[in-house]
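Taken together, the values in this text are just the output of simple stated rules run on the coordinates, not laboratory data. Quantities reported herein were computed from a predicted structural model and do not represent experimental measurements. All Cβ positions, glycine included, derive from the backbone under ideal geometry; neighbour counts span all protein chains shown.
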Amino acid sequence: MSTDPSLTRETESASRDSVSDRRSRDAGSFSRSEGAPALLGDTTLFRFATAGSVDDGKSTLVGRLLHDAKAILADQLEQVARTSADRGFAHGEFDFALLTDGLRAEREQGITIDVAYRYFATDARSFILADCPGHVQYTRNMVTGSATADAVVVLIDARKGVVEQTRRHLAVVSLLRVPHVIVAVNKIDLTGFDEARYRAVEEQALAVAAELGLIDTHVIPVSALEGDNIVDPSARTPWYDGPTLRELLETLPARQAEEDAAFRLPVQTVIRPQGGISALVDDAEADDLRDYRGFAGRVASGSVRVGDRVQVFPGGHETTVTGIRVAGRVAEAAHTAQSIAVTLADEVDAARGALIATAGTVPSGHQEAEVEIFQLDVRPIAPGARVLAKHGTATVQAIVAEVLSRRDLDTLALEDAAELAVNEIGRVRIRFASPLPLEPYADDREGGALLLIHPVDGATLAAATVVAAA
Amino acid sequence: MSIIDTLPAPAETLAGPDAGSLTGLDLLEAEAIHIIREVVAEFERPVLLFSGGKDSVLVLHLAARAFAPGRIPFPVLHVDTGHNFDEVIRFRDETVERLGLKLEVARVQDYIDDGRLAERPDGTRNVLQTQPLLDAIAAGKHDAVFGGARRDEDKARAKERIISLRDEFGQWDPRNQRPELWSLYNGRHTPGKHVRAFPISNWTELDVWRYIARERIPLPPLYLAHEREVFRRDGMWWAVNEHAQPREGEQVERRTVRYRTVGDASCTGAVESDAGTVDAVVAEVARSTLTERGATRADDRISEAAMEDRKKNGYF
């Protein structure tokens with residue numbers, strides 16, 4: 001639980017009088033200009049996760065980000081203020097965690113159980129924030145929140161420096177190859193905005209980042225409570241000339257669409273208009289579409305143009321792209337991340353689970369691989385376990401051949417292990433009933449990611465990333 | 001003027017966006033289509049909950065895009081509380097006709113008539129929808145049910161997975177959700193269970209309106225400002241109709257209003273607005289200081305956990 005006096009002024013007023021003049025009280029907000037119809041232009045999308053515990057002030061930071069982006073609206077504040085008062089919070093004080101703790105059990109116990117998704121936007125970007133609880137089942141939550149993130153914000157209490165949990169959060173972030181990490185050294189108001197203290201924590205954080213092999217790390221001194229270096233540069237940290245948290249979030253490159261990579265289209269389904277032609281299509285054109293056979297999927301990497309030579313996995317059959325639809329509309333080309341359908345010159349066998357790739361680049365099939373396992377189910381994973389493996393759009397039977405090692409999450413060192421229990425990370429050797437077009441996860445986050453699923457009850461047992469395919 | 005009359009966007013345009021210039025809306029569209037195709041590919045008998053409200057209209061539009069030039073390969077289901085706005089039912093039927101869909105209707109009134117459900121003292125029927133919904137899912141053997149819920153609507157929804165497992169009572173178990181990683185969705189389940197699938201989980205109200213504007217998606221006319229007989233109750237404007245009558249002391253006036261959400265006529269309020277075009281609505285939503293549910297839904301004002309409680313009992 002945390003209170004945030006700096007925000008109570010507004011909560012208080014929002015809860016009592018009309019909410020319509022809330023805007024005029026906002027200060028230091030994101031770059032949305034007063035009264036202007038903001039957010040009407042095209043924005044790009046940036047996904048990030050926050051990690052840390054309530055004690056680190058994470059709820060306050062998330063609340064601050066949402067609040068300053070005007071993503072907390074008056075009725076939400078009012079509801080939180082009302083509940084805070086019911087809970088015996090002092091008049092005008094306000095439990096910020098209530099904003100993100102959406103479940104009754106979370107509010108009752110004052111803990112965060114599950115990842116919550118929050119949304120806000122500035123003029124530059126739309127943000128999807130996965131707010132990951134730090135205490136309970138941190139691996140499960142961190143993996144869930146960071147798997148698709150462009151960046152992860154990890155909070156550190158400036159008074160405590162890097163603690164065990166920080167290392168563990170950063171270890172998961174490193175193993176998932178999250179492109180950017182922002183270490184927010186919080187509560188600098190409680191260390192008197194002391195530069196020496198901050199520098200010491202910064203040095204610790206950068207040392208851990210180097211040790212864990214993080215790709216790109218930024219450290220920022222902040223006070224989430226008082227807003228220092230969140231949106232505007234703080235006058236109280238003249239010794240810091242780096243970007244504010246907002247600037248970083250607005251300018252870090254979003255996941256590069258891997259546009260230069262070879263074209264990869266995992267086939268989800270084949271569209272054949274047997275049931276009739278869509279009402280979205282002109283009658284004149286409908287006749288030509290009776291024999292349409294479109295291979296539908298979301299482009300995993302690269303781009304494709306009509307006329308390109310492509311090859312199908314499995315089988316390696318080579319053919320030419322004769323037509324493309326992007327989100328149902330006819331197009332000449334398609335790019336990474338778009339949901340498309342392609343037609344091919346030859347009648348090839350490419351059902352769900354197949355992969356259409358630039359000719360000459362089709363990956364080889366693998367029936368065995370060493371993978372890093374993030375164990376998510378309470379039933380431990382052990383040698384001989386029969387599972388289903390989901391990779392792209394393919395689901396195949398698999399068997400855990402060998403448990404190789406478990407990670408010490410403080411050092412990331414691998415040590416011997418016989419099985420992996422819930423929230424543990426380690427390496428196993430796994431065999432697949434049919435060949436999969438596996439890529440090392442370090443090169444290709446999509447081609448190297450798998451889910452292991454219980455064959456009977458369907459539970460998600462583990463997330464896995466390909467270390468090396470045999 | 002009603003947007004019901006405007007034409008859908010031309011289906012065929014030549015220029016796709018250039019590499020690297022995908023906007024947030026482009027990515028949300030691509031993500032939603034990916035989810036819809038995954039569900040259709042992996043489940044036997046999907047169905048889409050379609051009320052005629054903007055979010056379900058959006059999901060339907062995205063489904064049409066996902067399978068173009070083919071038709072949408074699943075039916076739509078409407079849980080009819082009997083407390084409808086006439087123009088929404090009209091819109092529902094026209095849309096079903098236009099897209100050549102099969103419509104299944106589960107009627108709360110049938111349950112009240114034969115005693116399986118009883119009218120509540122407060123007269124609202126929102127919570128009565130759950131049983132007809134679950135019965136319709138079972139009768140249709142639907143193993144996946146698409147809905148237009150968004151995570152930005154409510155704190156409980158903010159925690160729900162895109163593919164959300166429900167037991168045979170339709171219950172959501174928020175403390176035992178499957179982790180959802182990368183874009184690998186796991187909807188496997190044992191017989192009797194089913195999944196709810198939320199393709200627009202990551203859209204905000206503003207995203208929805210901007211996309212509706214961009215695609216010129218037809219909507220029921222009451223989403224745009226119009227004059228209507230209304231009265232004030234609980235800080236909201238209520239339309240005068242057979243399901244909502246002014247009580248003593250509540251004065252009926254003619255006001256220019258629009259609806260931000262469209263649920264039952266007995267629990268959905270209007271907001272004062274002069275946004276008579278979709279573009280004006282986009283601008284209004286961008287300026288709004290209240291959430292759409294907070295502003296217009298009596299059903300969500302009951303308690304902090306109103307939505308969570310309904311979801312746990314099988315509601316969307």
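Among A:MET142, B:MET236, sorting on how many other beta-carbon atoms sit within 10 Å of each Cβ, with the fewest leading, yields B:MET236, A:MET142. Amide H to amide H distances under 5 Å link A:LEU344 with A:THR322, where only residues 5 or more positions off or on other chains count and H is placed in the peptide plane. Mean per-residue shielding of peptide B:147-153 is 2, counting Cβ atoms of other chains within 10 Å of each Cβ. Peptides B:51-57, B:81-87, B:114-120 ranked from most to least packed, by the mean per-residue count of other Cβ atoms within 10 Å: B:51-57, B:81-87, B:114-120. The listed peptides A:295-307, A:229-241, ordered by packing as a protection proxy, come out as A:295-307, A:229-241 (highest mean of other Cβ atoms within 10 Å first). Go ahead and run the numbers for FRET between A:SER434 and A:ASP216, Cβ-Cβ distance against an R0 of 30 Å, rounding to 0.05. So the FRET efficiency works out to roughly 0.20. Each Cα pair of segment B:36-165 feeds into the Kirkwood radius, which the Stokes-Einstein equation turns, at 25 °C and 0.890 mPa s, into a diffusion coefficient of 156 µm²/s. Ordered from longest to shortest, the equivalent ellipsoid semi-axes for segment A:264-358 are 21, 14, 12 Å, each the square root of 5 times a Cα gyration tensor eigenvalue.
Highest mean first, the peptides A:328-334, A:190-196, B:174-180, B:146-152 sorted by other C-beta atoms within 10 Å per residue fall in the order B:146-152, A:328-334, B:174-180, A:190-196.
Across q = 0.11, 0.13, 0.19 Å⁻¹, segment A:366-469 modelled as identical point scatterers on its alpha-carbon atoms has Debye log10 I(q)/I(0) values of -0.28, -0.39, -0.86, in the order of the q list.
With R₀ set to 56 Å, the beta-carbon distance separating A:THR361 from A:GLU247 gives a calculated FRET efficiency near 0.90.
Just to be sure I understand the model, the point goes 7 Å from the Cα along the line to the Cβ. What's the resulting A:THR411 to A:ALA468 distance in nm? That separation, rounded to one decimal, is 2.2 nm. Counting every other Cβ atom within 10 Å of each residue's Cβ, A:VAL342, B:VAL252 order from fewest to most as B:VAL252, A:VAL342.
Backbone geometry of segment A:290-301 corresponds, through the Karplus equation with coefficients 6.51, -1.76 and 1.60 at θ = phi - 60°, to 3J(HN,Hα) couplings of 4, 9, 4, 9, x, 8, 9, x, 9, 5, 7, 7 Hz, x marking Gly and Pro.
Among the GluC sites (Glu not before Pro) within segment B:198-276, those in coil by DSSP and having at most 11 neighbouring Cβ atoms inside 10 Å are B:GLU242, B:GLU248.
Filter the cross-link list A:LYS58/B:LYS155; A:LYS58/B:LYS193; A:LYS70/B:LYS54; A:LYS160/B:LYS159; B:LYS155/B:LYS193 down to pairs whose alpha-carbon distance in this structure exceeds 27 Å. Checking Cα-Cα distances, A:LYS58/B:LYS193; A:LYS160/B:LYS159 exceed 27 Å.
For peptide B:172-180, the mean count of partner chain Cβ atoms within 10 Å of a residue's Cβ comes to 6.
A crude spin-label estimate for the pair A:ALA351 and B:ALA118, with each label 7 Å from Cα along the Cβ direction, gives 5.4 nm.
Taken one residue at a time, the phi angles of segment B:259-274 give Karplus couplings (6.51, -1.76, 1.60, θ = phi - 60°) of 9, 8, 10, 10, x, 5, 4, 8, 9, 10, x, 9, 10, 5, 6, 10 Hz. Gly and Pro are set to x. Each residue of segment A:147-153 was assigned a 3J(HN,Hα) from its phi angle through the Karplus expression (A = 6.51, B = -1.76, C = 1.60, θ = phi - 60°), giving 4, 10, 6, 7, 8, 10, 9 Hz with x at Gly and Pro. Working from label points 7 Å from Cα in the Cα-to-Cβ sense, the B:ARG216 to A:ALA235 distance is 5.3 nm.
Taking other residues whose beta carbon is less than 10 angstrom from the beta carbon of A:ARG431, and scoring Lys, Arg as +1 and Asp, Glu as -1, yields -1. Neighbour counting of Cβ atoms within 10 Å sorts the residues A:ILE324, B:ILE35, fewest neighbours leading, into A:ILE324, B:ILE35. Legend: mean number of C-beta atoms from other chains within 10 angstrom of residue C-beta atoms, peptide B:188-196, equals 2. Take the Cβ atoms of B:ASP274 and B:GLU248, set R0 to 35 Å, and the FRET efficiency comes out at 0.70.
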